[in-house]
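*Asks:* Handing you this structure, nothing more for now.
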Amino acid sequence: MLVFLVAWPLGLLMWASSKIQHVEALSGAADTPGTTYLLAGSDARDGTQILDDTEGRRADTIMVLHKAPNGNSYLVSIPRDTWVDVPGYGQAKINASYAFGGEPSLVQTVEELTGLTVDHFVEIGMSGVVDVVDSMGGVELCLDYDVNDPKSELVWQAGCHVADGPTALAFARMRYADPNGDIGRAERQRQVVSSIVKTAAKPQNALNPLRQTSMSGAAAGSVVTDPNTSALELGMMAWHFKQATSAGNSGAPPIASINFETSQGSAVLLDEQLAPQFFNKLATGELTSEDFNATL
């Protein structure tokens, strides 16, 4: 029994690590204190049942998870339409950096914006969200208003419900029926990931070898990471994610406008004075809930 208790988790980790796809995404920039993860969600339609005329790929979800040197963990959602400088391309919406130069371009753009060097890159596609949620039998999600949104195909009755994979994906994608647009969508995206982490840790999942195998296989087979990020590191990321959300250390950076007019249409403009202070405090672990509330 002792051998099994030791060998099983090690074997599961090795098996899950072997299923992870890797991409050269990191910039090689000098390290900054703490550990920084960049979580990206691709809107590529490959492998999904979404039928529309959207071509190419963009980063619909951009989250920076930072474990500061003082031990505090933070989760920052960067709105996909945030107006930034994309290295080598000029001013654009941040999700376009992914379309311009793939994962390396997105990493460099986030590093320039935040001042943090990305240590681990983790990307999941839309079909991956469906697979992971279904592998654990669904996740509980909450929204306090009814939704019938044809674009995301989300049909929702106000309240909390256990959502299957396709519903969880629609929940994370919906924005046109959200009064707060991309800001509200980012909140729901954090809720989906948080619920996945909490559900995976429940005894009926965490202590069931069959469910462990199903969840680990779905998660590992759904993500693309940099070569140095293993299944064990993904587990550490989930732990830091839980710490950040449990402490209320999550949200968006300070925003000056969600309707900033640009040559590429309406964009999200970060506050030119408050945003740099926000990212400096993120780096040192000094952010508070008040800092996250300093936004529209």
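Please treat every number below as a calculation from the coordinates, not as lab data. Computed from a prediction, not measured in an experiment: that's the story for all the values here. For neighbour counting, all protein chains shown are included, and Cβ atoms are generated from backbone atoms with ideal geometry for every residue, glycine included.
*Asks:* If you look for lysine pairs in the chain that are eight or more places apart or on different chains, how many of them have Cα atoms under 15 Å apart? Display every interim value, and only then the final one.
*Replies:* Values: K67/K242; K67/K281; K198/K242; K202/K242.
For the chain, qualifying lysine pairs total 4.
*Asks:* Still on this structure, please answer the following. Estimate the FRET efficiency between Y176 and H22 by the formula 1/(1 + (r/R0)^6), using the beta-carbon distance for r and 45 Å for R0, to the nearest 0.05.
*Replies:* Details: r = 35 Å, r/R0 = 0.77.
The computed FRET efficiency comes out at 0.80.
*Asks:* Under the rule of at least 5 residues apart or a separate chain, name every residue whose amide H is placed under 5 Å from the amide H of T61.
*Replies:* For T61, whose amide H was placed from the backbone, the distant partners under 5 Å are G41.
*Asks:* Let me ask another. For segment 73-115, just say rounded, prolate or oblate: build the C-alpha gyration tensor, square-root its eigenvalues into a ≥ b ≥ c, call rounded for a/c under 1.5, and beyond that prolate if a/b exceeds b/c, oblate if not. Don't skip to the end; give the middle numbers.
*Replies:* Numbers: a/c = 1.72, a/b = 1.54, b/c = 1.12.
Prolate, since a/c reaches 1.5 and a/b exceeds b/c.
*Asks:* Measure off 7 Å from each Cα along the Cα-to-Cβ vector at S246 and E272, then give the distance between these two points in nanometres to one decimal.
*Replies:* About 4.2 nm separates the two model spin labels.
*Asks:* Which of these, P33, P166, P203, has the largest mean-square fluctuation under a Gaussian network model of the chain (Cα springs below 10 Å)?
*Replies:* Its mean-square fluctuation being the largest, the pick is P203.
*Asks:* What's the FRET efficiency of F100 with T213 using the Cβ-Cβ distance as r and R₀ = 35 Å, to the nearest 0.05?
*Replies:* Efficiency, from the Cβ-Cβ distance: 0.35.
*Asks:* Please say if segment 61-199 is rounded, prolate or oblate, where rounded means a/c under 1.5 for a ≥ b ≥ c the square roots of the C-alpha gyration tensor eigenvalues, and otherwise the choice is prolate for a/b larger than b/c and oblate otherwise?
*Replies:* Values: a/c = 2.01, a/b = 1.54, b/c = 1.30.
In terms of gyration-tensor shape, prolate.
*Asks:* How high is the FRET efficiency from S289 to N70, r the C-beta distance, R0 22 Å, rounded to 0.05? Provide the component values of the computation, followed by the final result.
*Replies:* Working: r = 16 Å, r/R0 = 0.75.
Given R0 = 22 Å and the Cβ-Cβ separation, E is 0.85.
*Asks:* Using the membrane-span-like helix rule (whole DSSP H runs, Cα extent along the own axis of at least 15 Å, mean Kyte-Doolittle hydropathy at least 0.5), which helices of the chain qualify? Before the final figure, lay out the partial values.
*Replies:* Numbers: long enough: 2-19 (27 Å, 1.47); 96-114 (20 Å, 0.09); 181-200 (29 Å, -0.46); 209-222 (19 Å, -0.17); 231-246 (22 Å, 0.17); 274-284 (16 Å, 0.33).
Going by DSSP H runs, the hits are 2-19.
*Asks:* Working from the pairwise distances between different alpha carbons, so that the mean of 1/r is found and then inverted, what is segment 186-296's Kirkwood radius in Å? Kindly include the intermediate steps, with their values, before the conclusion.
*Replies:* On the way: mean 1/r = 0.0601 Å⁻¹.
Radius from the Kirkwood sum: 16.6 Å.
*Asks:* How big is the dipole moment of segment 61-202 about its Cα centre under a simple scheme where the beta carbon of each Lys and Arg is +1, that of each Asp and Glu is -1, and everything else is neutral? Debye, nearest 20, please. Let's see the in-between values first.
*Replies:* Working: 11 positive and 18 negative charges, 36 e Å.
Around 180 debye, computed over segment 61-202.
*Asks:* While we're looking at this one, here's another question. Using amide H atoms built 1.01 Å from N in the peptide plane, name the residues 5+ places from A267, or on other chains, whose amide H lies under 5 Å from its own.
*Replies:* F260, E261, T262
*Asks:* How much mean residue ellipticity at 222 nm does the chain get from its helices, if each DSSP H run of length 4 or more adds -39500 (n - 2.57) and you divide by all residues, to the nearest 500 deg cm²/dmol? Could the numbers behind the result be given before it?
*Replies:* Values: 10 runs with 125 residues, N = 296.
Dividing the helical sum by the residues of the chain leaves -13500 deg cm²/dmol.
*Asks:* Kirkwood hydrodynamic radius for the chain: how many Å is it when counted over pairs of different Cα atoms?
*Replies:* Working: mean 1/r = 0.0510 Å⁻¹.
Mean inverse Cα-Cα distance, inverted, gives 19.6 Å.
*Asks:* Using a Gaussian network model on the chain with a 10 Å cutoff between Cα atoms, which of A218, A92, A168 fluctuates the most?
*Replies:* Evaluated over the chain, the most mobile residue of the options is A92.
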